[in-house]
Amino acid sequence: MSRASEQSRRWLPSYWPTWLGAALLRLVDLLPWPEKRLLARGLGWLAFHVIRIRRRVVFTNLGLCFPEKSAAEIHALARAHYDSLALGLFEVCAGWWARTGDLPPSRIHGLEHLQAALARGHGAILLTAHFTTLEICGRFMAEAIPVGCLYRDPNNPVVAHLMRGQRERHMSVAVHFDDLRGLVRTLRGGHAIWYAPDQGKRSKSSEILPFFGVPAITNTATGKITEMTGAPVVPYFAKREADHSYTLTLLPPLENFPTADASADAIRINQLIEEYIRQAPEQYFWVHKRFKARGPGYPEVYGARKE
């Protein structure tokens with residue numbers, strides 16, 4: 001769909017409730033953080049107990065990825081996840097609209113690894129995963145150093161317009177996730193690009209590989225992109241702390257990457273992501289159907305009912 005047709009579609013009456021919701025969120029963003037956290041706990045409770053948004057998916061994912069946990073532990077983790085999701089919504093608002101001075105405290109460890117990687121002149125792949133803190137921590141990173149991102153437009157044209165506009169405002173460049181040529185060109189131009197390969201889909205660059213020991217469609221293109229551009233892969237993970245501050249951790253570029261074995265490289269990335277998910281599992285995006293559409297020979301773990 002062209003930008004012009006999307007622009008006309010987003011003003012249709014069917015999308016007026018979305019505009020109203022965005023206006024309400026803009027007002028909520030003006031609240032102090034203690035009030036937003038309290039409101040998030042209420043919304044988390046509502047989404048978990050009453051609306052039950054994708055609750056079945058969350059319980060399935062957690063049960064598959066943490067088989068060592070008891071039913072009570074899985075329930076508690078799922079409940080905490082919904083609080084994290086709700087707070088993540090307000091963090092999106094802050095990431096988009098808040099003034100720098102109104103952002104909560106944050107710290108970045110290892111920024112020198114990204115700076116050194118960029119100094120090589122081939123850009124850098126800022127490797128991460130989909131956590132509920134995605135937007136606000138992207139803002140923290142962009143405040144410290146120019147960073148670009150990959151984006152995927154939601155189906156709702158209003159949300160797509162708002163998301164794209166704010167990311168283009170704060171990020172050095174925004175590249176559509178399907179635009180491989182644009183990504184390669186951007187990396188060759190010396191940009192750091194936020195890149196999260198943990199939500200796989202069937203493609204020429206995917207395989208069924210273990211994620212938390214469970215077969216999942218896995219993106220194997222990271223090594224190919226590195227080969228095409230010479231961009232080093234700098235792992236980056238963010239965490240919301242108990243004191244309501246945020247810690248962003250950048251690791252040294254992956255050594256001996258890529259290898260001749262794209263599958264082994266992708267498994268290595270999955271294991272790295274798993275390590276950081278385990279540090280704050282409630283903050284990972286468990287509402288995503290990570291183990292769907294795996295093909296013949298694999299069970300449909302989410303069932304037939306839509307959520």
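Values as computed for the structure displayed
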| read-out | value |
| --- | --- |
| Amide H partners (placed H, <5 Å) of F211, local residues excluded | A216 |
| Semi-axis lengths (Å, descending) of the ellipsoid that matches the C-alpha gyration tensor of the chain | 28, 25, 21 |
| Under 5 Å, built H, 5+ apart or other chain: amide partners of W194 | L126, G148, C149, L150 |
| Relative contact order, percent, the chain [alpha-carbon distance under 8 Å, six or more residues apart] | 23 percent |
| Qualifying trypsin sites (Lys or Arg not before Pro) for the range 177-221 [loop in DSSP, other Cβ within 10 Å: at most 14] | K201, R202, K204 |
| Antiparallel bridge percentage (DSSP; both residues within the range 3-283; nearest 5) | 40 percent |
| Selected from S263, S203, S106 as most flexible by GNM, with the chain as the system and alpha-carbon contacts under 10 Å | S203 |
| Volume per residue of the C-alpha convex hull in the range 89-180, rounded to whole Å³ | 111 Å³ |
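Here, each number is a calculation from the coordinates, and none is a lab measurement. Note that this is a predicted model, so its numbers are computed, not measured. Glycine gets a Cβ as well: all are built from the backbone with ideal geometry, and neighbour counts include every protein chain shown.
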